[in-house]
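Q: Here you go, one structure.
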Amino acid sequence: MRGGTVAVVGGSIAGCAIATAAARAGADEVVVLERTQGRLQDRGVGLCVHDERAVELGASGALPEGIAAHRLERRRWIVRDGAGEPGGRVIWEQPFPFHSYHWGLLWRGLRESVPDSVVYRQGETVTGVEAAGTGGAEVRLADGSAERYDLVVGADGYRSVVRAALCPESRPHYAGYVCWRGNFDAARLAELGSGADSVPEAVTTVCFPGGTCVVYRIPGPDGPRVNWVLYAPPPRDGQLRFDDPTSFPPGGLTAELARHLAALLDREFPPYWGRALALTDPADVFVQPIYDLETPRTAAGRLLLAGDAASVVRPHNTSGAAKALQDATAFAEGWRGADSVEELLLAYDTARGPAGRELVALARRLGRAQVEQTPAWSAMSGPEMTAWWQSQLAGAASIGGQAMPR
Ligand SMILES: Cc1cc2nc3c(=O)[nH]c(=O)nc-3n(C[C@H](O)[C@H](O)[C@H](O)COP(=O)(O)OP(=O)(O)OC[C@H]3O[C@@H](n4cnc5c(N)ncnc54)[C@H](O)[C@@H]3O)c2cc1C
């Protein structure tokens, strides 16, 4: 396919990758419309990408070279030990072939690789999208103006405006629990003295009744940081509502949720890990309700969805960034093989629709097993943990996303 105008709504991980793919593929004009005014990198938290996905995405050009990453090799599952071992007791270890990234540094690497021909406009909030009579799609902006493009890509995250136009029936579904996440300077671990062997190459998963907490190192702009994500239900008698994605501001840590977190750390965590998480500056603790969402279609008319706009996968699967970059790879491949926008959209939906739905289903199983219906962790043997893990995968090769078909 040659030429054409493309608007990408959202300029985060998926948006930068898709804009790059469209420009490299030969679109005449690519515009990114990002509502954020300031620096997106201020959102910095950790995420991981499976090593095999990183190799594939490096080869396709979707993951630029040279972005700081920290190698992780093993994952230890630990419980608070009745005998009082400060670091807890390891109940299972498994391979964990991932690299961890700092969100802001990953975004910066993707943003810097967006070709100069792409116009990246910040402070542009898209309020709606609809088919244009002339065969394209029209984007409406917050200032009341409208712009027409041959193709509009929704890379606008879990509350996507473009998805509302393409799949009005699909709405994020609240999983019934939230995550608290935070990060702090890894050098501060020295304040705790000894008590646990916080091996930098290992991910630690603290297991407790009704939840889990994943802790790992990430690179940071000023040196290594410790990143953690704790999944558990919110206070039962609390006043907060999470059932609708608009009911809770992203990131909001209320006094009630801060107290609940402190009580959880005190009651359920091995002392070392409770004290480690308490090193986090309260300004660096965020709360996020966990949602999932699958869409019946990822492209139709002149609209296409990528990243979290196309499917919201519970984070247990550690696949969100890789999936967004795979979407951009599929977009580029679809463009190369298509003679028209219609052919591009069909090829993209055929490749990415089922992949997204499978990820959502796998992450739901992971969430059920690791938060909603946790086993009696302390009684689990190694072989029982292995069988428990395999039952979550249910035939999938691993977490972290699947290889793209060649
Ligand atoms: C706790 C947690 C842990 C995670 N851990 C991992 C992990 O380990 N590994 C992993 O791969 N992934 C992880 N993820 C997921 C990953 O961060 C996302 O899936 C990935 O970044 C894809 O994001 P995106 O670009 O599609 O959407 P987003 O990053 O949400 O970006 C959407 C963009 O669109 C903009 N926007 C929204 N609406 C509009 C509008 N109307 N007009 C204009 N702009 C708009 C927003 O400002 C934003 O910049 C995790 C997520 C969470 C919450």
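Q: Give the distance, in whole Å, between the Cα centre of segment 105-148 and the Cα centre of segment 18-37.
A: 8 Å
Q: Shifting gears a bit: Evaluate the Debye formula for segment 43-177 with equal point scatterers sitting on the alpha carbons, no solvent, and hand back log10 of I(q)/I(0) at q = 0.09, 0.12, 0.20, 0.21 Å⁻¹, in q order, two decimals.
A: For segment 43-177, the Cα-only Debye profile gives -0.49, -0.78, -1.24, -1.26.
Q: Right, something else. Mind jotting down the three principal axis lengths of segment 257-345 based on Cα atoms? Whole angstrom, largest first.
A: Dimensions of segment 257-345 along the principal axes of its Cα atoms: 61, 22, 20 Å.
Q: Which order do you get for 205, 5 if you rank them by accessible area with a 1.4 Å probe, largest at the top?
A: Putting 205, 5 in descending order of accessible area: 5, 205.
Q: When Lys and Arg each count +1 and Asp and Glu each count -1, what net charge do the other residues less than 15 Å away from residue 1, Cβ to Cβ, add up to? All intermediate terms of the calculation are to be shown ahead of the outcome.
A: Working: positive: 2, 24, 302, 336; negative: 28, 29, 150, 333, 339, 342, 343.
My count for the surroundings of residue 1 gives -3.
Q: Consider all pairwise Cα distances in segment 81-148 and report the whole-number % of them above 20 Å.
A: Of all Cα-Cα distances in segment 81-148, 66 percent exceed 20 Å.
Q: Which one of 269, 258, 288 is farthest out on the positive end of the charge dipole of segment 219-295, using unit charges on Cβ (Lys, Arg +1; Asp, Glu -1) and the Cα centre as origin?
A: My answer, from the dipole projection, is 269.
Q: Next up: I'd like to know which of 68, 23, 174 lies farthest towards the positive end of the charge dipole of the chain, counting +1 on Cβ of Lys and Arg and -1 on Cβ of Asp and Glu.
A: 174
Q: While we're here: When the Cα centres of segment 350-397 and segment 271-285 are compared, how far apart do they sit, in Å?
A: So the separation of the two Cα centres works out to 28 Å.
Q: Counting only protein heavy atoms and a 1.4 Å probe, tell me what percentage of segment 1-101's accessible area is made up of carbon and sulfur.
A: 45 percent
Q: Over segment 309-350, how many percent of alpha carbon pairs lie in each 5 Å bin up to the one with the longest distance?
A: The distribution over segment 309-350 is 5, 24, 25, 18, 13, 9, 5, 1, given as percents.
Q: What value does segment 1-85 have for Rg/Rh, both radii from Cα atoms and Rh as Kirkwood defines it? Before the final figure, lay out each step's value.
A: Values: Rg = 19.1 Å, Rh = 16.4 Å.
Radius of gyration over Kirkwood radius for segment 1-85 works out to 1.17.
Q: Assuming a viscosity of 1.567 mPa s and a temperature of 4 °C, what translational diffusion coefficient in µm² per second does Stokes-Einstein assign to segment 295-364, Rh being the Kirkwood radius over Cα pairs?
A: Calculated translational D: 107 µm²/s.
Q: Separate question: Based on a Kirkwood Rh over C-alpha pairs, give the Stokes-Einstein translational diffusion coefficient of the chain at 37 °C and viscosity 0.692 mPa s in µm²/s.
A: Approximately 150 µm²/s, per Stokes-Einstein.
Q: I've got another one for you. Just to confirm the number: angle between the C-alpha axis of helix 382-393 and the first principal axis of the chain, 0 to 90 degrees, nearest 10?
A: With rounding to tens, the tilt is 20 degrees.
Q: Karplus couplings for segment 171-180 from phi (6.51 cos²θ - 1.76 cosθ + 1.60, θ = phi - 60°), rounded to Hz, Gly and Pro as x?
A: Listing the rounded values in order: 10, x, 10, 5, 6, x, 8, 10, 10, 9 Hz.
Q: May I ask you to give the solvent-accessible area per residue for the chain, in square angstrom, as obtained with a 1.4 angstrom probe?
A: It amounts to 42 Å² per residue over the chain.
Q: So, how do all the Cα-to-Cα distances of segment 247-406 break down into 10 Å bins, in percent, from 0 on up?
A: Cα pair-distance distribution for segment 247-406, in percent: 9, 28, 29, 22, 10, 3, 0.
Q: Taking the Cα centre of the chain as the origin, how large is its charge dipole in debye, to the nearest 20, when only Lys and Arg (+1) and Asp and Glu (-1) carry charge on their Cβ atoms?
A: About 560 debye.
Q: Count the DSSP beta bridges whose two residues both fall in the chain, then state the antiparallel fraction as a percent rounded to the nearest 5.
A: So the antiparallel bridges amount to about 70 percent of the total.
Q: Mind checking the angle between helix 51-60 and the chain's longest principal axis? C-alpha axes, 0 to 90 degrees, to the nearest 10.
A: 20 degrees
Q: Over all Cα pairs of segment 169-304, how is the pair count split among 5 Å bins, expressed in % and running from 0 up to the last occupied bin?
A: 2, 9, 18, 20, 16, 13, 9, 7, 4, 2, 1, 0
Q: Around residue 22, what is the net charge, scoring Lys/Arg as +1 and Asp/Glu as -1 over all other residues with Cβ under 11 Å from its Cβ?
A: Details: positive: 24; negative: 28, 29, 150.
Overall, the nearby charge balance is -2.
Q: Tell me, what is the percent relative contact order of the chain, built from C-alpha pairs under 8 Å that lie six or more residues apart? Don't skip to the answer; put the middle values down first.
A: On the way: 864 pairs, mean separation 91.0, N = 406.
Contact order relative to length: 22 percent.
Q: Any idea what the relative contact order of segment 269-381 is, in percent, if you count C-alpha pairs under 8 Å spaced at least 6 apart?
A: About 29 percent, as a whole number.
Q: Can you tell me what the convex hull of the Cα atoms of segment 336-406 projects to on average, as an area in nm²?
A: Convex hull of Cα atoms, orientation-averaged projection: 6.2 nm².
Q: What's the angle, to the nearest 10 degrees (0 to 90), between helix 255-268's Cα axis and the longest principal axis of the chain?
A: 50 degrees
Q: A further question follows. Could you work out the relative contact order of segment 303-356? I mean the mean sequence separation of Cα pairs under 8 Å and 6+ apart, divided by the number of residues, in percent.
A: Taking the mean separation of contacting Cα pairs over the length of segment 303-356, I get 33 percent.
Q: Take the solvent-accessible surface of the protein heavy atoms, probe 1.4 Å, and return the percent of it on segment 317-372 that carbon and sulfur atoms account for.
A: Here carbon and sulfur together make up 52 percent of the probe-accessible area.
Q: First obtain the Kirkwood hydrodynamic radius of segment 111-221 from its Cα pairs, then insert it into the Stokes-Einstein equation at 37 °C and 0.692 mPa s, and state the resulting D in µm² per second as a whole number.
A: 171 µm²/s
The values are calculated or read from the model by the stated rules, or taken from the named source; none is laboratory data. A quick note: this is a predicted structure, and the numbers were derived from the prediction, not measured. Neighbour counts are summed over all protein chains in view; Cβ atoms, including those assigned to glycine, are modelled from backbone coordinates with ideal geometry. The protein model used for the area step is the full one, side chains on, heavy atoms only, and it has no ligands, DNA or RNA in it. Shrake-Rupley method; radii C 1.70, N 1.55, O 1.52, S 1.80 Å.
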